[in-house]
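Comments concern the structure below.
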Amino acid sequence: MQLEGKPVRESHAEIVEVVLPNDANPLGTILGGKVLHLVDIVAAVAAYRHSRSYVVTAAMDHVDFRHPIRVGDLVILKSSVNRVFQTSMEVGVKVFSENILTGERRHTSSAYVTFVALDSEGQPITIPPVIPESEEEKRRYEQAEARRRYRLEQRARPR
Ligand SMILES: CC(C)(COP(=O)(O)OP(=O)(O)OC[C@H]1O[C@@H](n2cnc3c(N)ncnc32)[C@H](O)[C@@H]1OP(=O)(O)O)[C@@H](O)C(=O)NCCC(=O)NCCS
């Protein structure tokens, strides 16, 4: 039985935090690990909203940190489900910094996180399809297929 699809917009999630000294390195800029933690959380919220089930992180793709985010800046993370496969889904996350005095906003990172939906016994379950509506959502949907192929090839490769 085919599950009913849901629009991408129903999965949207956003986190806004002030960068505090405890989250920073000695130069006063946010730790990469702190950003990755927030990426995982905001992505999980999108995955929950779409699947309405338990989810676990199966993979996080390569992440670049393009600009430093300073103590006192806002760190803003936005996520939504790009594509559902069977029991797994790719969530896209964009990270921005915002200067609280000038409002200047910079795109600092993008990330793709794969989640698997599980039942209460920990078994993977089928996820409803996602329906891309905007041109941007359709582009992300199309490109997610190639990213998945690459990801699964990397997983299969002996290390
Ligand atoms: C993720 C997990 C449930 C997958 O289990 P598994 O036995 O490989 O399950 P399956 O082979 O049935 O794969 C289930 C789905 O996950 C996908 N998947 C598994 N590993 C993946 C990976 N590294 N990258 C992308 N997708 C992956 C499969 O392609 C499949 O997707 P599909 O149903 O949409 O086609 C299991 O590896 C796990 O529990 N990992 C630990 C998760 C965790 O604790 N995360 C927190 C950080 S440690």
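Does at least one position in segment 18-32 carry a residue that is touching a Ser or Thr at 6+ places or on another chain (Cβ under 6 Å), farther than 17 Å from residue 105 by Cβ and buried (at least 16 other Cβ atoms within 10 Å of the Cβ)?
Taking segment 18-32 as the starting set, the residues that turn out to be touching a Ser or Thr at 6+ places or on another chain (Cβ under 6 Å) are none.
No, the conditions are met nowhere in segment 18-32.
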- prompt: Name the pairs whose Cβ atoms lie under 7 Å apart, with the first residue in segment 145-159 and under 25 Å from residue 129 (Cβ atoms), the second in a loop (DSSP other than H, G, I, E, B) and at pLDDT 90 or above, and 6 or more positions between them or separate chains?
  reply: 147/61; 148/85; 151/61
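Take residue 98 and decide whether it is among the charged types (D, E, K, R) and within 21 Å of residue 145 (Cα to Cα).
Judged against the criteria, residue 98 is not a match.
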statement: Restricting attention to segment 93-131, the residues that are polar (S, T, N, Q) and within 13 Å of the ligand (Cβ to nearest atom) number exactly 3
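Any idea which of 56, 91 is under 19 Å from residue 14 (Cβ atoms) and either in contact (Cβ under 8 Å) with a residue 24 or more places away in the chain or outside any strand (DSSP E or B) (or both)? Show your work before the answer.
Details: 56 fails: under 19 Å from residue 14 (Cβ atoms).
The match here is 91.
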- prompt: Can you spot a residue in segment 132-139 that is assigned to a loop (DSSP other than H, G, I, E, B), free of Cβ contacts under 8 Å to residues at least 60 places away in the same chain and touching a strand residue (DSSP E or B) at 6+ places or on another chain (Cβ under 6 Å)?
  reply: no
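Give the residue, chosen from 15, 41, that is surrounded by fewer than 19 Cβ atoms within 10 Å (Cβ to Cβ) and within 15 Å of residue 90 (Cα to Cα). Full working, then the answer.
On the way: 15 fails: within 15 Å of residue 90 (Cα to Cα).
Only one candidate passes the filter, namely 41.
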- request: Among residues belonging to segment 44-58 that are within 12 Å of the ligand (Cβ to nearest atom) and in contact with a Leu (Cβ under 9 Å, 6 or more places away or on another chain), point out the one that is farthest from residue 128 (Cα to Cα).
  value: 56
query: What number goes with the only condition from (1) in contact with a strand residue (DSSP E or B) (Cβ under 6 Å, 6 or more places away or on another chain); (2) of a type in the set (A, V, I, L, M, F, W, C); (3) more than 20 Å from residue 10 (Cβ to Cβ) that residue 101 does not pass?
result: (1)
- request: Look at residue 90 and say whether it is on the phi < 0 side of the Ramachandran plot, within 16 Å of the ligand (Cβ to nearest atom) and either modelled with pLDDT of 95 or more or surrounded by 16 or more Cβ atoms within 10 Å (Cβ to Cβ) (or both).
  value: yes
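The values are calculated or read from the model by the stated rules, or taken from the named source; none is laboratory data. Since the model is a prediction, treat every value here as computed from it, not as a measurement. With ideal geometry, Cβ positions are generated from the backbone for all residues, glycine too; neighbour counts draw on all protein chains shown.
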